[in-house]
Amino acid sequence: MIEKNYTKACFALLWLLALGGFARAQQKDSANLTRFVDPYIGTGFHGHVFLGANVPFGAVQLGPTEVTRGWDWCSGYHYSDSLLIGFSHTHLSGTGIGDLGDILVMPATGEGMQQEKDMPKAPKSGYYSLFSHRQEKAAPGYYEVLLKRYGIKARLTASERVGFHQYTFPASADARVLIDLETGIGWDSPVDTYIEKVNDSTLAGYRFSKGWAPDQRIYFTAVFSKRFRSLQLFDSTEAKNGGRLKGVKVRAVAFFTTTANEKIYVKVGISPVGIQNSAANISAEIPGWDFEAVRRNADLAWNKELQKLRVTTISPARSRIFYTALYHTMIAPSAFNDHNGDYRGTDMNVYPKASFTNLTTFSLWDTYRAAHPLFTLLQPQRVNDMINTMLAIYQQQGKLPIWHLMGNETNTMPGNSAIPVIADAYLKGFRGFDVKLAYEAMTRTANRNERGLSFVKELGFIPADTMVESVAMGLEYSIDDWCLAQVAKAMGNQKDYEQFSRRGAYYKNYFDPSVGFMRGKLSATEWRVPFDPFISRHMKDDFTEGNAWQYTWLAPQDVYGLIQLQGGEQRFTQKLDSLFIVKGNLGKEASGDITGLIGQYAHGNEPSHHITYLYAWVGQPWKTADKVRFIMDSLYTAMPGGLCGNEDVGQMSAWYVLSALGFYPVNPAGGYYVFGSPLINSAVLQLPGGKSFSIRVLNNSAQNKYIQSIVLNGMPWKKTYILHSTIMAGGTITIKMGNKPSPTWGVAAADRPPHQ
């Protein structure tokens with residue numbers, strides 16, 4: 001027994017020493033936070049994240065592209081695959097629809113290489129190459145892989161608008177680099193492509209395509225470090241003569257003679273405006289040929305952004321998960337302009353030298369919930385650019401963006417989710433945009449007669465037999481309208497405040513007290529039948545990527561009203577408890593959209609993301625702690641399959657970042673964050689004006705997950721929430737944890753989130 005206890009004590013001592021060493025290493029390497037980022041997290045399962053080289057919010061996402069083999073290849077890459085067809089300059093990260101994949105480049109050798117991207121039944125005829133993860137590396141701003149078929153080592157890095165390729169060739173009399181303007185990702189297909197030889201080391205052209213975004217236009221210039229021995233242009237697989245070619249499936253192959261280990265570099269500048277601007281982007285951003293310098297600059301750019309939030313954790317794995325999540329929140333929205341400020345608008349006109357950075361890839365139905373509130377903490381300088389972009393879109397298309405991509409409105413997903421984003425920024429004091437125009441854009445967008453809004457204005461609900469996803473659409477509109485009402489109130493517009501406050505309560509019209517769920521409604525007195533709260537998809541689907549169990553909680557703007565709708569605190573709590581344990585048949589079609597299931601709570605999709613925090617409204621914060629800790633520990637891992645659902649352009653990761661810090665913005669424009677259960681040991685948020693906000697977590701462990709007490713700037717803090725303005729003023733918060741729920745903290749009615 002003594003020997004056994006001695007051995008256990010030794011192991012415990014070694015564990016403590018290891019943790020101490022890790023803590024010292026975190027402090028020592030605090031300037032190198034990119035070392036904690038693992039870009040492979042989320043490349044497996046349904047994560048759909050981008051893998052490759054880019055800089056924060058950059059226009060270029062340069063990375064490997066595989067043949068699309070199904071839904072899990074939406075980003076162009078899935079960890080399960082081992083076949084590459086090249087390296088594309090644009091990718092989506094975490095969406096459920098495949099698009100982009102513009103300007104694909106592929107190095108190769110050998111006379112047998114044809115101009116087909118992949119022919120699995122006759123593999124020698126395609127230009128693909130197998131690769132191994134053992135010969136592949138990825139880091140923020142950098143990617144490399146060995147193309148096994150050709151013995152070519154590819155290395156990639158990027159600036160904001162330029163992709164930089166380094167290809168190390170074997171000795172070959174027939175080395176080549178192919179530029180493919182046909183191939184896109186997923187739905188993306190070309191409609192007009194063009195390429196020309198500018199000189200003996202430069203190609204230029206454009207790729208116009210359609211897909212999720214119906215009218216995509218991207219121009220490019222590709223500058224090689226070595227002169228072409230010869231150049232061949234192809235329309236599909238048919239060779240063409242001459243130095244320029246226009247068609248639907250244009251490709252170019254530049255031929256070289258290489259010695260062993262010879263490096264050929266290619267700089268590819270892209271532009272939404274024109275070929276001349278794409279070349280100017282190269283001159284402005286990567287004028288020379290120092291690949292390592294560009295790689296270092298990309299790493300520095302990522303470090304600069306990651307440094308805005310310095311945390312310590314209990315293990316390297318948790319640090320990797322945290323900083324990879326933070327990294328994922330900064331891939332988009334991405335720049336959609338040129339270095340000189342020119343951009344192409346939604347109306348397809350060119351707007352020269354804009355005063356703001358025009359952006360694209362607004363997955364607003366996903367990101368308004370947590371990613372944009374996180375931006376108001378960590379990216380205040382970019383928040384104004386995002387809103388100015390949205391206002392420009394409004395002026396060009398007559399409404400705020402729904403899901404905007406490459407200057408195109410896709411009209412994807414329910415609601416007008418730009419409204420909460422703009423409202424939140426305005427209510428938090430952002431003024432780097434035209435406030436009068438913003439108010440006009442929000443009110444006119446909310447009062448249009450499209451996508452069910454005419455029924456909202458006339459009836460107070462959307463009849464389920466008039467459109468699909470009527471309940472999801474109506475609930476999202478209620479959130480949007482409540483947010484707009486708060487802006488109207490702040491601006492002193494009483495009439496609009498009253499109107500949109502009424503509409504903000506229309507969520508109640510979808511609640512059927514006889515069954516206790518939100519459901520499809522046909523008239524003021526008639527519900528759609530049959531009804532099954534577990535069914536998510538059928539011919540008359542009332543919900544978006546979810547079911548009644550998940551959507552019944554979608555009123556984050558009025559949780560107290562939702563409590564009363566459910567029959568009071570006790571019944572509300574019982575129903576909420578049931579959500580996390582009830583089992584039912586979702587239907588086979590739901591498997592892709594409803595993932596990360598805990599009972600009927602679906603963390604893999606956004607409508608569920610606020611639900612675990614609702615216990616604060618009934619004085620039971622320890623239940624929130626139980627559930628958010630379980631989600632963080634079990635549904636986020638440091639593996640390729642480490643996300644339980646689509647990343648959705650930063651939202652899935654933003655939930656983790658905020659929850660790991662210990663709080664979450666349940667109400668997207670409420671101006672406060674609800675406490676949960678911090679996973680970090682400490683954090684420092686770097687704020688504007690040289691301020692900082694520090695978080696210290698005492699006695700934190702897997703067992704000690706319950707908040708016992710909070711001290712804010714030296715004073716006890718009993719409330720279960722903290723104001724955004726309090727954080728932005730700077731200061732220190734100390735959170736003491738314990739292994740049992742506190743009998744007092746957050747229990748009293750006065751300490752619960754505010755009535756708004």
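The values are calculated or read from the model by the stated rules, or taken from the named source; none is laboratory data. Everything numeric here is computed off the predicted structure, so don't read it as measured data. Cβ sites come from the backbone with ideal geometry, for glycine too, and all protein chains shown count toward neighbours. Accessible surface areas use protein heavy atoms only, side chains included; no ligands, DNA or RNA. Shrake-Rupley method; radii C 1.70, N 1.55, O 1.52, S 1.80 Å.
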Determine, for each peptide in 265-278, 181-194, the mean count of other beta carbons within 10 angstrom over its residues, then list the peptides with the highest first.
265-278, 181-194
Mind checking the dipole of the stretch 194-311: about its Cα centre, +1 per Lys or Arg Cβ, -1 per Asp or Glu Cβ, Debye to the nearest 20?
140 debye
Which net charge results for the neighbourhood of TYR194, defined as the other residues with beta-carbon distances under 15 angstrom from its beta-carbon, given Lys and Arg at +1 and Asp and Glu at -1?
+2
Rounded to the nearest 5, what is the percent of antiparallel bridges among the DSSP beta bridges in the chain?
95 percent
Mean separation of Cα pairs under 8 Å and 6+ residues apart, divided by the residue count of the chain: what relative contact order is that in percent?
12 percent
Return the label of the correct value of semi-axes √(5λ) of the Cα gyration tensor in Å, as calculated from the structure shown, out of (i) 75, 31, 23; (ii) 44, 32, 24; (iii) 50, 31, 25.
(ii)
From the square roots a ≥ b ≥ c of the eigenvalues of the alpha-carbon gyration tensor of the stretch 463-512, which class results: rounded (a/c under 1.5), prolate (a/b over b/c), or oblate?
prolate
What is the extension gain from LEU712 to THR744, computed as 0.36 nm multiplied by their sequence separation minus the C-alpha to C-alpha distance, in nm to one decimal?
9.8 nm
If each Cα of the stretch 437-564 is one equal point scatterer, what is log10 of I(q)/I(0) from the Debye formula at q = 0.16, 0.19, 0.22 Å⁻¹?
-0.75, -1.02, -1.28
Pop out the carbon and sulfur fraction of the accessible area of the chain as a percent, whole number, probe 1.4 Å.
53 percent
Among PRO533, ALA485, GLN499, the residue whose Cα sits farthest towards the positive end of the charge dipole of the stretch 466-568 (+1 at Cβ of Lys and Arg, -1 at Cβ of Asp and Glu, taken about the Cα centre) is GLN499
Ignoring ligands, DNA and RNA, what accessible area per residue does the chain give at 1.4 Å, in Å²?
36 Å²
Entries in LYS226/LYS308; LYS508/LYS719; LYS399/LYS691; LYS304/LYS428; LYS210/LYS240; LYS210/LYS457 that, when Cα-Cα distance is taken, lie over 32 Å
LYS226/LYS308; LYS399/LYS691; LYS210/LYS457
Selected from SER514, ASN449, PHE430, residue furthest toward positive end of dipole (the stretch 428-558; charges at beta carbon):
PHE430
Any residue on another chain or 5+ positions along whose placed amide H is under 5 Å from the amide H of GLY58 is listed here as ALA335
Note down the magnitude of the dipole of the chain about its Cα centre, charges +1 on Lys and Arg C-beta and -1 on Asp and Glu C-beta and zero elsewhere, to the nearest 20 debye.
1800 debye
Alpha-carbon centroids, the stretch 155-214 and the stretch 268-290: separation in whole Å
14 Å
Unit charges on C-beta of K, R, D, E only; dipole of the stretch 228-281, Debye
60 debye
Positive-end residue of ILE275, ALA254, LEU233, charge dipole of the stretch 229-300 with Cβ unit charges:
LEU233
Among 678-690, 140-152, what's the highest-first ranking by average C-beta atoms within 10 angstrom per residue?
140-152, 678-690
Going by a ≥ b ≥ c, the root eigenvalues of the Cα gyration tensor, does the stretch 227-361 fall in the rounded group (a/c under 1.5), the prolate group (a/b larger than b/c) or the oblate group?
oblate
In nanometres, the difference between 0.36 nm per residue of separation and the alpha-carbon distance of ARG35 and ARG444 is 142.6 nm
Going by average Cβ neighbours within 10 Å, how do the peptides 471-480, 439-448, 348-357 rank, with the highest at the top?
471-480, 439-448, 348-357
Helix check for the chain. Which DSSP H runs span at least 24 Å along their own axis by Cα, with a mean Kyte-Doolittle hydropathy no less than 0.0?
2-28, 470-490
State whether the stretch 328-439 is rounded, prolate or oblate according to the following rule on the C-alpha gyration tensor (a ≥ b ≥ c being the square roots of its eigenvalues): a/c under 1.5 gives rounded; otherwise a/b larger than b/c gives prolate, and the remaining case gives oblate.
rounded
Residue-averaged [θ]222 nm for the chain, counting only DSSP H segments that reach four residues, each worth -39500 (n - 2.57)
-8500 deg cm²/dmol
